[in-house]
Structures are given as structure tokens and as C-alpha cells.
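**Q** So that we are looking at the same thing, I have put the structure below in C-alpha cells.
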Amino acid sequence: MVAKRVRDFLPLKLSANWEVNLGGDELRQNSISTACSMNSEVKTSVCFEDESRASVEINEEKLPEVFKILKESFLKASEVMDKELKLHPNIDCFCSGTTAVTLVKQGRNLVIGNIGDSRAVLGTRDNNNCLIAVQLTVDLKPNLPKEAERIRRCRGRVFALKDEPEVARVWLPNHDSPGLAMARAFGDFCLKEFGLISVPDISYHRITEKDEFIVLATDGVTPKLHNRETHPWHQISEN
């Protein structure tokens, strides 16, 4: 239910916020005031300050204006989406959530918003004209130092189980649950006061002549896209 709701409504919210950001300061202020009024019952944790920076540092001053506009749109749309999930009367999001990766293409500019460990993977040609996979997003998992630091600062716990030591998980302060394997997600409000956030990581890619396609996929699919012996890059390219 959570994933379907985000799939159906996040693109609409992103589009609406983009139009607002293109429409000028007065329209933007009216939209923000309305959104704040609608969601006045939802509180924001002080743990989440300064989390809109990209995991891979980029010099925004050198990027086109569309990046700045879309970044603001991604951040606002994601904030409103998560608040609406919390207030939805028919969706139980307390221990249920979803990751999300969203991409907007404007000309040769690609702006990507990523929450969790879904991926945007680019199919492009290397110098030998071989089709290769390039990951455009960062897997936002609890094993990343910055993510773990935020979670622990908010009293959440990060550790792996003995039978899967390679998988760091997020746990409540005083209970060994729920053991979430990602550091950002929509929903999962049982952890929202303890370091889990729904702030997207924003990245940018300038399309070149060698780029052919992009795959947006969940963590269960994307590892196979990096195995050159088994991944179906050529079938994807031909289709």
C-alpha cells in the first residue's frame, strides 16, 4: 500500500512543486503556506537538519539552474508525500514503508532524487564501445558513516545480526525491532523520531552521446545489473 501510494502520487507532487518553483516567488510562497497549514499537526525532528546535501559532494554553482529548481522540488514533494502518508486514514505506515528513486530529464540534464537503496543505473558505452553499467545514485544504507551518525544522534541503534554480519540495520532505542536495512524511507514512522528520514539525496548527470538508457530498480534487481556475465544489458538496449 505504501509503495503504491508513493508510486502514484510522488510524481504528481514533484510536477506540481516544479511548476510552483518556475512560477515565481509569490506563487511559491502561497503553495508553501498552504502545505504547511494542511500539515500543521506533523512535527519535524531537529535531528534532520542539513540532510539535503548530496552523499557525493557536487559543486552546485557550476550546475545549470534547472538543477537548483528541481532539487527544491524534490525536497518539498518528498516532505509533503511523507506527511500525507502519516495522516492517511487507510494506510498503516507505522511499521511499513518504501524506498523511492525518481528521475527528471530536461534536455541533457538528469536530476535524480533517491530515498533508500533503490538505484538509478545508467547503461553507457566505455572507450572500447562496450556497454557498461554506471550507478548514478548512492545506496543510503545504515552502514554509511554519515547515515549511521545521524541515526545514533537521534537515539536509534545501528548494528548487524550475527547470522548476517554484512547487513547493518536500524533498530529502536530499547527494542530489537524493526531492523530496517535502509537509512531513509517513506513511511516506517516507528523509526522517524530515531534517525530514519525521507529526505532525498539529490544527484546530477549530464547526458552524453555514449549514454543509451537508465534503469530504475529496487535493491533486489540492481545487483544483477553490475554482473557483466549475466546482466541483460544488450537485450535492454535492443528493446
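**Q** Quick one: what pairs do we get from region 139-158, first residue within 27 Å of residue 221 (Cα to Cα) and free of Cβ contacts under 8 Å to residues at least 40 places away in the same chain, second among the β-branched types (Val, Ile, Thr) and assigned to a loop (DSSP other than H, G, I, E, B), C-beta under 6 Å, 6+ apart or different chains?
**A** The qualifying pairs do not exist here.
**Q** What about residue 96, is it closer than 26 Å to residue 6 by Cβ and over 13 Å from the mean Cα position of the chain (by Cα)? Give the derivation first.
**A** On the way: closer than 26 Å to residue 6 by Cβ: yes; over 13 Å from the mean Cα position of the chain (by Cα): yes.
Spelling it out, residue 96 is indeed closer than 26 Å to residue 6 by Cβ and over 13 Å from the mean Cα position of the chain (by Cα).
**Q** Are there any pairs with C-beta distances below 7 angstrom linking a residue in region 77-98 that is acidic (Asp, Glu) to a residue that is at pLDDT 95 or above, with the two at least 6 apart or on different chains, and if so which?
**A** 82/186; 82/198
**Q** Can you name every residue in region 153-195 that is part of a helix (DSSP H, G or I), surrounded by 15 or more Cβ atoms within 10 Å (Cβ to Cβ) and in contact with a helix residue (DSSP H, G or I) (Cβ under 9 Å, 6 or more places away or on another chain)?
**A** 189, 191, 192, 193, 194
**Q** Checking the condition under 28 Å from residue 7 (Cβ atoms), in contact with a Phe, Trp or Tyr (Cβ under 7 Å, 6 or more places away or on another chain) and touching a residue at least 60 places away in the same chain (Cβ under 8 Å), which residue from 197, 207 passes?
**A** Sole residue among the options that is under 28 Å from residue 7 (Cβ atoms), in contact with a Phe, Trp or Tyr (Cβ under 7 Å, 6 or more places away or on another chain) and touching a residue at least 60 places away in the same chain (Cβ under 8 Å): 197.
**Q** Please name all residue pairs, on different chains or six or more residues apart, with Cβ atoms under 7 Å, provided the first residue is in region 51-68 and is farther than 22 Å from residue 198 by Cβ and surrounded by 13 or more Cβ atoms within 10 Å (Cβ to Cβ) and the second residue is of a type outside the set (A, V, I, L, M, F, W, C) and modelled with pLDDT of 60 or more.
**A** Once the first residue is farther than 22 Å from residue 198 by Cβ and surrounded by 13 or more Cβ atoms within 10 Å (Cβ to Cβ) and sits in region 51-68, its partners that are of a type outside the set (A, V, I, L, M, F, W, C) and modelled with pLDDT of 60 or more give 63/204; 64/109; 66/106; 66/109.
**Q** How do the strands (runs of 3 or more DSSP E) wholly within region 47-148 filter down when requiring 3 or more residues that are modelled with pLDDT under 95: which remain? Can you show your working first?
**A** Values: elements: 100-106, 109-115, 119-125, 131-135.
Counting at least 3 such residues, we get 119-125, 131-135.
The values are calculated or read from the model by the stated rules, or taken from the named source; none is laboratory data. On a predicted model such as this, the values are computed, not experimentally measured, just so you know. For neighbour counting, all protein chains shown are included, and Cβ atoms are generated from backbone atoms with ideal geometry for every residue, glycine included.
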